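The values are calculated or read from the model by the stated rules, or taken from the named source; none is laboratory data. Here the structure is a predicted model, which means the values were calculated and not measured. Heads up, the Cβs are rebuilt from the backbone with ideal geometry, glycines too, and the neighbour counts pull from every protein chain shown. Just the protein is used for accessible areas: all its heavy atoms, side chains included, with ligands, DNA and RNA removed. Shrake-Rupley method; radii C 1.70, N 1.55, O 1.52, S 1.80 Å.
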Amino acid sequence: MSSLITTNTTTEEIVILGSGTGIPSLKRGPAGILMRVAGQTVLIDTGPGTLHKLLTLGITYADIDKVFYTHYHPDHCAELIPMLFAMKHGEPKREKTLWLFGPPGLKKLYQGLNNLFKENLSPRTYNMEIIELWDAEVGFEDWQITARPLVHLVPSLGYRVTLPSGKVFTFSGDTDYCEALVGLAKGAEVLVLECAFPEEMRLHGHLVPSLCGRIAQEAAPKKIILTHFYSQWNGNDILAECRKYYSGEFVLAEDMMRIPL
Ligand SMILES: [Zn+2]
Ligand SMILES: [Zn+2]
């Protein structure tokens, strides 16, 4: 069982909330990453189950400062619905501003969902800012995040986070091979990289071991954490497959894996 994260910690780390996909698995939940940076609680994607995973770390809907969406497939964003519902109706009341970032379409997604759920998602006791990004840099007090469009089935962003220490963490979201992702991951301390399917089951818009190996070689991050495994991988040795294409440090993500930055 994971230990609790206190909300005033100065530790910088990421926690893999889900290393799986939208297809239910007892071992791997849908996509989501918790990032503790500069005393802030930041999420990248909120797949189904995100709020419950956060609770096991002692983090509630009231603690979340910012959410960055890579794209709007349900396995990456569906928890937006219960998250906003909890923020509206939960006790203790949420008071601080919620910042939502993502590719174009985020405002429309929110408005559509809020209509569908009869205004049960709109903020009541706090402010919400929705910022659509596309090939953009966003700077905060002492850290920054760079978004670049990648190649997926819908408009999709990858993110490069530069921490106050200068260290870099990159998340691919869902993507095919593309130079933009190599750029985002250049020299990163940690790259969390999707590896959705085995080599012989390659689908456009996702990565397979040979493409992960190519990105690893070209970007040369210190550590690569592979994630987003579809059930087509079941029974296969994912690490062995990936190591055919790259001899550096590959690690398989597990749900609730904590990686210090
Ligand atoms: Zn997707
Ligand atoms: Zn996905």
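Summary table
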{"read-out": "Nearest-ten-degree value, helix 80-89 long axis tilted from longest Cα axis of the chain", "value": "20"}
{"read-out": "Burial ranking of peptide ranges 130-142, 161-173 (average Cβ count within 10 Å, highest at the top)", "value": "161-173, 130-142"}
{"read-out": "Nearest-20 debye value, the range 1-157 charge dipole, Cβ charges on Lys, Arg, Asp, Glu", "value": "520"}
{"read-out": "Percent carbon-and-sulfur accessible area, the chain, ignoring ligands, DNA and RNA, probe 1.4 Å", "value": "53"}
{"read-out": "For the chain: lysine pairs under 14 Å (alpha-carbon distance), excluding those fewer than 8 apart on one chain", "value": "9"}
{"read-out": "Cα-only Debye scattering, the range 13-260: base-10 log of I(q)/I(0) at q = 0.16 Å⁻¹", "value": "-1.15"}
{"read-out": "Relative packing of peptides 188-196, 108-116, 57-65, 200-208 - highest average C-beta neighbours within 10 Å first", "value": "188-196, 57-65, 200-208, 108-116"}
{"read-out": "Inter-centroid distance (Cα atoms) of the range 173-245 relative to the range 101-157, Å", "value": "25"}
{"read-out": "In nm, spacing of pseudo-spin labels at GLU129 and ALA38 (7 Å Cα→C-beta vector)", "value": "1.1"}
{"read-out": "Cα convex hull of the range 1-155 - mean projected area over all directions, nm²", "value": "9.4"}
{"read-out": "ASP63-LYS222 FRET efficiency (beta carbon distance; Förster radius 35 Å; 0.05 resolution)", "value": "0.75"}
{"read-out": "C-alpha long axis of helix 106-116 to longest principal axis of the chain, angle in °", "value": "50"}
{"read-out": "Per-peptide average of other Cβ atoms within 10 Å, ordering 216-229, 248-261 highest first", "value": "216-229, 248-261"}
{"read-out": "Dipole axis of the range 13-260 (+1 Lys, Arg; -1 Asp, Glu on Cβ), positive-most option in ILE145, LEU34, MET87", "value": "MET87"}
{"read-out": "Mean accessible surface per residue for the range 156-224, computed with a 1.4 Å probe while every protein chain stays in place, in Å²", "value": "32"}
{"read-out": "Expected 222 nm ellipticity per residue - DSSP helices of 4 or more, -39500 (n - 2.57), all of the chain, to 500", "value": "-5500 deg cm²/dmol"}
